[in-house]
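Contents: one structure, followed by commentary.
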Amino acid sequence: MTKNYILITGATSGIGLACAEKFAAQGNNLILTGRRNDRLLALKEKLEKEFQIQVEISCFDIQSKDAVYASMDKLAHLKNQVSVLINNAGLAAGRDNFQDASLDDWEQMIDTNIKGVMYITQIVSKWMIENKKGHIINIGSTAGKEVYPQGNMYCATKHAVDALTKAMRQDLLPHNIKVTGIHPGAAETEFSLVRFKGDQSKADAVYKGFEPLHPEDIADIIYYTTTLPANVCINELIVTPTAQANSYLINKLN
Ligand code: NDP
Ligand code: 8X3
């Protein structure tokens, strides 16, 4: 029997990595992407050995339209087998007042979080249309539901992901394609280290005083949304740590 592939963007770390491990443990073949090829190679070797699955890796910067198109072209021989696309690659860069924020940071977030999703999903949604089925899962954020102070452009990009998720669900409706938005709150990954440009103490402070989500918590939920009957689609889920009420209110003990 031909096995399906789960395509996960940003699988070298955090939520994407946890998804790769979860779907692999359930016997799925994987297509994993990211910019850090050493991590992709190590993950492929580990998961293939541990779970006897096929893992294809594709190393590219999702900000580059040309790189996305070239990489997806090389994967097109698998297009009939891609059953799930998890649009996970993304980042926050900086946390500054609107008037002080770096335009480079803003452009990086727009190019990664919005344009990256746009490039890859247009290609894969066409594959899914040919297959007459598929499931697209977009990782938004609580930041895509409410703006928080100094979150400006990151929040805007995640609001865009939310809007694109709704748009995809409408336009792909005739093609039997499920579209799910997952909106996590604070999850301890490399996210804050990236946001604060390698400042470990600033990153650690984000998760002090409460128990954040772990990437595996989100991966379990994402996996669950793919296990439902063909007639059932989870449109969206907002998932926070118990200590978090919304994008800006966290009950910290210290
Ligand atoms: P991590 O920093 O741990 O992982 C981010 C992943 O995205 C990495 O695999 C990284 O791979 C990839 N990525 C980033 N930029 C690019 C790029 N230009 N091209 C290709 N891949 C890229 O963070 P998380 O796991 O936390 O983040 C995953 C998603 O979850 C993001 O969309 C984030 O916005 C969202 N999110 C995170 C939350 C959190 O609190 N952690 C909460 C809500 C949403 P590489 O560096 O190898 O390219
Ligand atoms: C990531 C969570 O609260 O840092 O989307 O924006 S937050």
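Values in this text are rule-based calculations from the coordinates and carry no lab data. Remember, predicted model here, so these are calculated numbers, not experimental data. Note that each Cβ is placed from the backbone with ideal geometry, even for glycine, and that neighbours are counted across all protein chains shown.
Listed from fewest to most Cβ neighbours within 10 Å, the set Ser102, Ser83, Ser201, Ser192 follows the order Ser201, Ser102, Ser83, Ser192. Per-residue ellipticity at 222 nm computed for the chain from its helices equals -12500 deg cm²/dmol, with DSSP H segments shorter than 4 residues left out and the rest contributing -39,500 (n - 2.57). Only Cα pairs within less than 10 Å get springs; with that Gaussian network setup on the chain, which residue of Gly151, Gly181, Gly27 has the largest fluctuation? Fluctuation is largest for Gly27. Across all directions, the shadow cast by the convex hull of the chain built on its C-alpha atoms averages 13.5 square nanometres. Taking Cβ atoms as reference points and 15 Å as the exclusive limit, the residues near Glu211 contribute a net charge of -2, counting Lys and Arg as +1 and Asp and Glu as -1. Label separation (Ser201 vs Glu48): 4.4 nm, computed from points 7 Å beyond Cα along the C-beta direction. Both radii come from the Cα set of the stretch 132-254: Rg as radius of gyration, Rh as Kirkwood radius; their ratio Rg/Rh reads 1.02. The stretch 161-213 and the stretch 1-62 have Cα centres spaced 19 Å apart.
Counting every other Cβ atom within 10 Å of each residue's Cβ, Phe210, Phe23, Phe60 order from fewest to most as Phe210, Phe60, Phe23. Relative to the compact-globule estimate of 2.2 N^0.38 Å, the Cα radius of gyration of the stretch 103-184 comes out at 1.15.
Residues His77, His214, ranked from the fewest to the most other C-beta atoms within 10 Å, line up as His77, His214. Electrostatic tally near Gly144: other residues with Cβ closer than 14 Å to its Cβ, Lys and Arg +1, Asp and Glu -1, net 0. Potential lengthening of the chain between Phe210 and Ala243 amounts to 11.2 nm, from the contour at 0.36 nm per residue minus the alpha-carbon distance.
Extent of the stretch 1-62 along its three principal axes (Cα atoms, max minus min coordinate, largest first): 33, 19, 17 Å.
Here, the stretch 30-161 has an Rg and a Dmax of 16.4, 52 Å when only alpha carbons are counted.
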